[in-house]
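Peer 1: Handing you a structure now.
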Amino acid sequence: MYVQIGGIQQWIEIGRVAQDRPTLLYLHGGPGGSSRPAVKAWRHWEEHFTVVHWDQRGAGRTFSKNGEAGCGALTIDRMVSDGIEVVDLLNREFQRDKAVLVGHSWGSVLAVHMIKRRPDLFSAYVGTGQLVNKQRNEECNYRRQLAQAKRRQNAEALQALREVGPSPYLDRGKVRKLREWADKLVDGTGDPVRLTPRPPNPAFTTEDRDALSRGAQFSRDQLFAELSAVDLPSLGLHFDIPIFFFEGTADQQTPIELAEQYLSTSQHRTRNSFASKDIITSLSLTGLTIFCASSLRGFVRCSNNNP
């Protein structure tokens with residue numbers, strides 16, 4: 001349904017509602033990567049949460065409703081304000097004081113800004129494919145993919161990656177080329193970078209698919225420069241709420257080592273927020289381990305990201 005957020009009509013999709021379940025807001029990746037194609041994948045979560053998906057400004061049905069002119073200039077600050085307004089609306093609607101916030105990839109950037117600005121609105125934050133510092137992120141990606149290509153003696157990959165060169169990347173073309181090789185060179189056995197929703201959402205129409213594609217292009221063009229400068233530790237390492245990271249050991253886009261370092265140096269209410277095996281057991285009871293750990297080194301490790 002459309003709701004008035006940030007002065008424009010924005011799309012939110014609400015799963016099964018029950019008064020005894022906490023609200024969970026999922027922030028999709030991208031930018032512009034609506035989670036609507038895969039909303040059915042969260043059906044198990046709805047046994048424990050009222051799950052809400054939001055097509056952010058510039059994404060999906062919000063983009064199709066407003067277009068480029070209606071969405072206006074996209075900035076992190078503007079979209080963080082939108083996100084806080086969404087949570088305020090949900091808390092009022094469901095008569096809750098707080099919500100659980102889940103952020104994936106680009107959504108994890110918005111999420112950390114949101115919990116830093118208004119920690120009083122949230123009971124916990126869960127990050128997956130957690131982005132920490134965009135430049136360091138791409139440095140790690142480039143080194144890992146170059147090493148993978150060398151191990152496999154893949155001459156085509158080596159040539160392509162050397163043409164891309166190390167970061168910083170000042171245009172999206174080089175990032176796209178790096179992402180193209182990420183899926184081909186991956187060491188893990190999890191989902192590919194370009195995910196196929198299982199099960200698909202029957203309400204996701206051809207028109208939705210077209211809007212998703214156009215919105216993603218618009219959003220990424222608008223936010224590329226600002227996203228390239230993201231450095232979440234510069235916002236401060238103190239958090240007023242519990243935080244949990246679910247990360248993929250073979251993630252080709254958001255390296256697990258950066259997320260682990262970020263959380264290990266942070267100060268937050270739950271010291272073992274890089275969840276231990278005991279915590280994994282309790283989280284699986286609430287449906288959070290739908291992210292599926294691929295291996296364990298003392299905390300939850302799992303999914304790949306949007307390209």
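The values are calculated or read from the model by the stated rules, or taken from the named source; none is laboratory data. This one's a predicted model, so the numbers in the text were calculated from it and none came from an experiment. Reconstructed Cβ throughout: ideal geometry from the backbone, glycine too, with neighbour counts over all protein chains shown.
Peer 1: Could you tell me which numbered condition ASP208 fails, if it satisfies all but one of (1) surrounded by 14 or more Cβ atoms within 10 Å (Cβ to Cβ); (2) out of contact with any Lys or Arg (no Cβ under 9 Å at 6 or more places or on another chain)?
Peer 2: The failed condition is (2).
Residue-wise test of (1) among the aromatic types (Phe, Trp, Tyr); (2) under 21 Å from GLU226 (Cα atoms); (3) surrounded by fewer than 23 Cβ atoms within 10 Å (Cβ to Cβ).
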| residue | (1), (2), (3) |
| --- | --- |
| GLU68 | no, yes, yes |
| CYS71 | no, yes, no |
| ILE76 | no, yes, yes |
| GLU93 | no, no, yes |
| LYS98 | no, no, yes |
| SER108 | no, yes, no |
| ARG118 | no, no, yes |
| LEU121 | no, no, yes |
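Peer 1: Only residues that are farther than 16 Å from TRP54 by Cα and out of contact with any strand residue (DSSP E or B) (no Cβ under 6 Å at 6 or more places or on another chain): list them for region 77-101, please.
Peer 2: Within region 77-101, ASP77, ARG92, GLN95, ASP97 qualify.
Peer 1: Quick one: would you say GLU257 is surrounded by fewer than 15 Cβ atoms within 10 Å (Cβ to Cβ), under 26 Å from ALA38 (Cβ atoms) and assigned by TED's automatic domain parsing to the domain that holds LEU101?
Peer 2: Taking the combined requirement at face value, the residue does not satisfy it.
Peer 1: Out of everything in region 233-266 that is in contact with a Phe, Trp or Tyr (Cβ under 7 Å, 6 or more places away or on another chain) and not hydroxyl-bearing (Ser, Thr, Tyr), what residue ends up being modelled with the highest pLDDT?
Peer 2: Looking at residues that are in contact with a Phe, Trp or Tyr (Cβ under 7 Å, 6 or more places away or on another chain) and not hydroxyl-bearing (Ser, Thr, Tyr), I get PRO233.
Peer 1: Restricting region 43-65 to residues that are in a helix (DSSP H, G or I) and either surrounded by 20 or more Cβ atoms within 10 Å (Cβ to Cβ) or touching a Pro at 6+ places or on another chain (Cβ under 8 Å) (or both), which is modelled with the lowest pLDDT?
Peer 2: Residues of region 43-65 that are in a helix (DSSP H, G or I), as a first pass: 43-47, 60-65.
Within this subset, residues satisfying the condition of being either surrounded by 20 or more Cβ atoms within 10 Å (Cβ to Cβ) or touching a Pro at 6+ places or on another chain (Cβ under 8 Å) (or both) are 45, 60-63.
Working: TRP45: 91, GLY60: 97, ARG61: 98, THR62: 98, PHE63: 98.
Out of the qualifying residues, it is TRP45.
Peer 1: Scan region 20-42 for residues that are in a loop (DSSP other than H, G, I, E, B) and over 15 Å from the mean Cα position of the chain (by Cα) and jot them down.
Peer 2: First pass over region 20-42, keeping only residues in a loop (DSSP other than H, G, I, E, B): 20-22, 28-35.
Listed by number, the residues that qualify are ASP20, ARG21, PRO22.
Peer 1: Counting only residues that are in contact with a Phe, Trp or Tyr (Cβ under 6 Å, 6 or more places away or on another chain) and not hydroxyl-bearing (Ser, Thr, Tyr), which one in region 23-43 is farthest from ALA216 (Cα to Cα)?
Peer 2: LEU24
Peer 1: Still on this model: Within region 123-136, how many residues turn out to be crowded, with 19+ Cβ neighbours inside 10 Å and assigned to a helix (DSSP H, G or I)? Full working, then the answer.
Peer 2: First, the residues of region 123-136 that are crowded, with 19+ Cβ neighbours inside 10 Å: 124-132, 134.
Remaining after also requiring assigned to a helix (DSSP H, G or I): 134.
Within region 123-136, residues that are crowded, with 19+ Cβ neighbours inside 10 Å and assigned to a helix (DSSP H, G or I) number 1.
Peer 1: Give me the pairs: first residue in region 47-60 and over 13 Å from PRO31 (Cα atoms), second residue in a helix (DSSP H, G or I) and of a type in the set (Phe, Trp, Tyr), beta-carbon distance under 7 Å, and six or more apart or on different chains, which are they?
Peer 2: Sorted first by the residue in region 47-60, then by its partner, the pairs are VAL51/TRP42; VAL51/TRP45.
Peer 1: So which of ASN133, ASN154 is among the polar types (S, T, N, Q), modelled with pLDDT of 95 or more and either closer than 20 Å to THR254 by Cα or in contact with an Asp or Glu (Cβ under 7 Å, 6 or more places away or on another chain) (or both)? Break it down stepwise before answering.
Peer 2: Numbers: ASN154 fails: either closer than 20 Å to THR254 by Cα or in contact with an Asp or Glu (Cβ under 7 Å, 6 or more places away or on another chain) (or both).
Exactly one of ASN133, ASN154 is among the polar types (S, T, N, Q), modelled with pLDDT of 95 or more and either closer than 20 Å to THR254 by Cα or in contact with an Asp or Glu (Cβ under 7 Å, 6 or more places away or on another chain) (or both), namely ASN133.
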